[in-house]
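Student: Supplied in structure tokens, the structure appears directly below.
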Amino acid sequence: MDLITPGSGLIFWQLFGFLGLLFLLIKFAWKPLLAALEERETSIENALKSAEQARNEMANLKADNEKLLQETRLERDIILKKAQEASVKMIEDAKNEASKVAAQQIENAKAVIETEKRAALTEVKNQVAILTLEVTEKLLRKNLSNEQSQKALVDEFIKDIKLN
Amino acid sequence: MTRKLLALSLLFSAFLLGFNSSALASESEEDKTSFIMHHVVDSHEWHFATFGHTHVTLPLPVIVYSGDRGLEFFMSTDFQDHETHAFGKEFAHEGYFIDDHDHLGRVDGGSFTDFSITKNVVMMFIVIFVVAYVSLSAASHYKKNGPVAPKGAAAIIEPIVIFVRDEIAHKSIGPRYKKYVPYLITLFLFIWFGNLLGLLPGAANITGNIAVTLTLAVLTFIITNVSGNKDYWKHVFATPGVPIPMLLIIVPVEIIGLFTKPFALMVRLFVAITAGHIVILGFIALAFIFESISIGIVSTIMVTFINIIELLVATIQAYVFTLFTAMYIGGAVAEHAHDDHH
């Protein structure tokens, strides 16, 4: 029976002691300890969150870089294309210019040649005129002596002229 | 630490066996096992060992309150024979006596209340001191260093605190668990340390005393019912979904249920710890009954084995008491829909 009869003294001291322990520990142990645990847990959580955030930012930055690079590439391609077009145009222009100049020069040359030719013809005509005069002169001189010989002489002269 | 405790406990049991056997050898069969009950129940003095005729005891204060005589203080040594340290009615002192069953009595038969600092009260204060010391040093670690990784006492206490908070309080009570965590941790540590220190040889097993478990169960009962919300009381006095005539049966059952819960808590812890101690002491008693060395060796092996089981039981019982307390509180504060399971 002793075993299952609670003693009044023990109940009193147990109540007194346990409640004392409870209030002491609540005030000086569990409050600071639980607060510290919670604080630590939140700080760990925050650290994890900020790490996650940093990782996301890193990924964003990478994507941005990629985008920038892509844009730059596109721009480069455009510039290259433009340059190519410009160069093609320049070559074309140059070609046109050159052919124009050449045509002009040919035209000029032709004109010069024409002039020269005319001058030469005039010269020839003058020469022929002079020769004709000389032949006429000689004919006139020979004519006085022999008709036939005069004729032969004229022929001879004409032959000479042809040879010239 | 467990190993050290175990080694120490073995050493002490061998030591006690050696000295007690000569004294017990000549006595009758009943006396050879009487020390079992003597060890398990409370006492007005703390008896450690007997060397022949020398008793190693710690005399304890006897405090009595009576309506007519007021508060009185004595020492346990006032009520016993100085040679044999035996209590008895013949050693009455100032109108009081302690009988041979260690009960305080009044010579004139008047009423009184015993507030003595008994063996279990001293043990309880030792447990409280140990719990307070360990917990306060754990807390001071955080006070000094801020919220850092645990070290020293904090490394022992912190996992327990987290376990009680997350696995017991949060899971059993629900969203409003925070308010009850300090009580649950204190309860767990007190019972756990009480169980463990009670296993030490020469120590008293306070958690195997029904007065201690009664007090703890009553505290749980008070906290549970004070926290009880409308749903909880409605469940008791007007159980939803039950026809009115049936309430005549259900309500008394529910009211009895309020008391059986803490009663079960009280009995479970008391029985588990007391039974363990009685089994250990029973095996030790075998050596005295048979007066044989070989039985002594076998019983020592068995005692060691049971001690290991008791270490487990010490933890499980602390866990179970705390868990059930949390579940009862959880039942009282839960906001449940009325069409749920009943």
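Student: Quick one: is B:ILE223 within 14 Å of the chain's Cα centre (by Cα) and within 14 Å of chain A (Cβ to nearest Cβ)?
Tutor: When the stated conditions are applied, B:ILE223 does not pass them.
Student: Please enumerate the residues belonging to region B:130-146 that are more than 7 Å from chain A (Cβ to nearest Cβ) and in contact with a Leu (Cβ under 9 Å, 6 or more places away or on another chain).
Tutor: B:VAL130, B:VAL134, B:HIS141
Student: Just one of (1) surrounded by 15 or more Cβ atoms within 10 Å (Cβ to Cβ); (2) farther than 17 Å from B:ILE206 by Cα trips up B:ILE297, so point out which.
Tutor: (1)
Student: Of (1) touching a residue at least 40 places away in the same chain (Cβ under 8 Å); (2) facing another protein chain (nearest Cβ under 8 Å); (3) among the β-branched types (Val, Ile, Thr); (4) more than 30 Å from B:ASP42 (Cα to Cα), B:VAL164 satisfies all except one. Which?
Tutor: (2)
Student: Right, here's the next one. Could you please let me know if B:THR84 is more than 14 Å from every other protein chain (Cβ to nearest Cβ), β-branched (Val, Ile, Thr) and loosely packed, with under 14 Cβ neighbours inside 10 Å? Show your work before the answer.
Tutor: Working: more than 14 Å from every other protein chain (Cβ to nearest Cβ): yes; β-branched (Val, Ile, Thr): yes; loosely packed, with under 14 Cβ neighbours inside 10 Å: yes.
When the stated conditions are applied, B:THR84 passes them.
Student: How many of the residues in region B:147-161 are outside any helix (DSSP H, G or I) and at the interface with another protein chain (Cβ under 7 Å from one of its Cβ atoms)? Steps first, please.
Tutor: Of the residues in region B:147-161, the ones outside any helix (DSSP H, G or I) are B:147-152.
Then drop every residue that is not at the interface with another protein chain (Cβ under 7 Å from one of its Cβ atoms), which leaves B:147.
Qualifying residue count for the region: 1.
Student: Being in a helix (DSSP H, G or I), more than 14 Å from chain A (Cβ to nearest Cβ), surrounded by 13 or more Cβ atoms within 10 Å (Cβ to Cβ) and not acidic (Asp, Glu): is that true of B:VAL251 here?
Tutor: yes
Student: Can you tell me which of A:LYS81, A:LYS151, A:LYS142 is at pLDDT 95 or above and surrounded by 10 or more Cβ atoms within 10 Å (Cβ to Cβ)?
Tutor: A:LYS81
Student: A follow-up question, please. Inspect all residues belonging to region B:179-196 and state whether any of them is away from chain A (no Cβ under 11 Å) and part of a loop (DSSP other than H, G, I, E, B).
Tutor: no
Student: Residue under question is B:VAL134, and the condition is that it be within 25 Å of the chain's Cα centre (by Cα), without any contact (Cβ under 8 Å) to a residue 60 or more places away in the chain, in the same structural domain as B:VAL212 (by TED's automatic domain parsing) and buried (at least 18 other Cβ atoms within 10 Å of the Cβ); does it hold? Step through it out loud before you land on a result.
Tutor: Details: within 25 Å of the chain's Cα centre (by Cα): yes; without any contact (Cβ under 8 Å) to a residue 60 or more places away in the chain: yes; in the same structural domain as B:VAL212 (by TED's automatic domain parsing): yes; buried (at least 18 other Cβ atoms within 10 Å of the Cβ): yes.
Spelling it out, B:VAL134 is indeed within 25 Å of the chain's Cα centre (by Cα), without any contact (Cβ under 8 Å) to a residue 60 or more places away in the chain, in the same structural domain as B:VAL212 (by TED's automatic domain parsing) and buried (at least 18 other Cβ atoms within 10 Å of the Cβ).
Student: Which residue, of B:ILE273, B:ILE309, B:ILE284, is farther than 30 Å from B:ARG176 by Cα, assigned to a helix (DSSP H, G or I), among the β-branched types (Val, Ile, Thr) and modelled with pLDDT under 90?
Tutor: Testing whether each residue is farther than 30 Å from B:ARG176 by Cα, assigned to a helix (DSSP H, G or I), among the β-branched types (Val, Ile, Thr) and modelled with pLDDT under 90 leaves just B:ILE284.
Student: Right, here's the next one. Within region B:139-174, track down each residue that is of a type in the set (Gly, Ala, Ser) and touching a Gly at 6+ places or on another chain (Cβ under 8 Å).
Tutor: B:SER172, B:GLY174
Student: Pick from region A:1-29 the residues that are more than 7 Å from chain B (Cβ to nearest Cβ) and touching a helix residue (DSSP H, G or I) at 6+ places or on another chain (Cβ under 9 Å): which of them is farthest from B:ILE157 (Cα to Cα)?
Tutor: The qualifying residue farthest from B:ILE157 (Cα to Cα) is A:THR5.
Student: Conditions first: (1) part of a helix (DSSP H, G or I); (2) more than 7 Å from chain A (Cβ to nearest Cβ); (3) over 14 Å from A:PHE12 (Cα atoms). B:VAL122 passes all but one, so which condition is the exception?
Tutor: B:VAL122 satisfies all of (1) part of a helix (DSSP H, G or I); (2) more than 7 Å from chain A (Cβ to nearest Cβ); (3) over 14 Å from A:PHE12 (Cα atoms) except (3).
Student: What are the residues in region A:45-73 that are within 30 Å of B:VAL148 (Cβ to Cβ) and of a type in the set (A, V, I, L, M, F, W, C), if any?
Tutor: A:ALA47, A:LEU48, A:ALA51, A:ALA54, A:MET58 - these are the residues of region A:45-73 that are within 30 Å of B:VAL148 (Cβ to Cβ) and of a type in the set (A, V, I, L, M, F, W, C).
For every residue, the table says whether it meets (1) touching a Pro at 6+ places or on another chain (Cβ under 8 Å); (2) of a type outside the set (Lys, Arg); (3) at pLDDT below 80; (4) assigned to a loop (DSSP other than H, G, I, E, B).
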site: B:LEU10; (1), (2), (3), (4): no, yes, yes, no
site: B:SER13; (1), (2), (3), (4): yes, yes, yes, no
site: B:GLY18; (1), (2), (3), (4): no, yes, yes, no
site: B:ALA23; (1), (2), (3), (4): no, yes, yes, no
site: B:THR33; (1), (2), (3), (4): no, yes, yes, no
site: B:MET37; (1), (2), (3), (4): no, yes, no, no
site: B:ASP42; (1), (2), (3), (4): no, yes, no, yes
site: B:HIS55; (1), (2), (3), (4): no, yes, no, no
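The values are calculated or read from the model by the stated rules, or taken from the named source; none is laboratory data. Not measured: the values here are computed from a predicted model. Cβ atoms come from the backbone with ideal geometry, glycine included; neighbour counts cover every protein chain shown.
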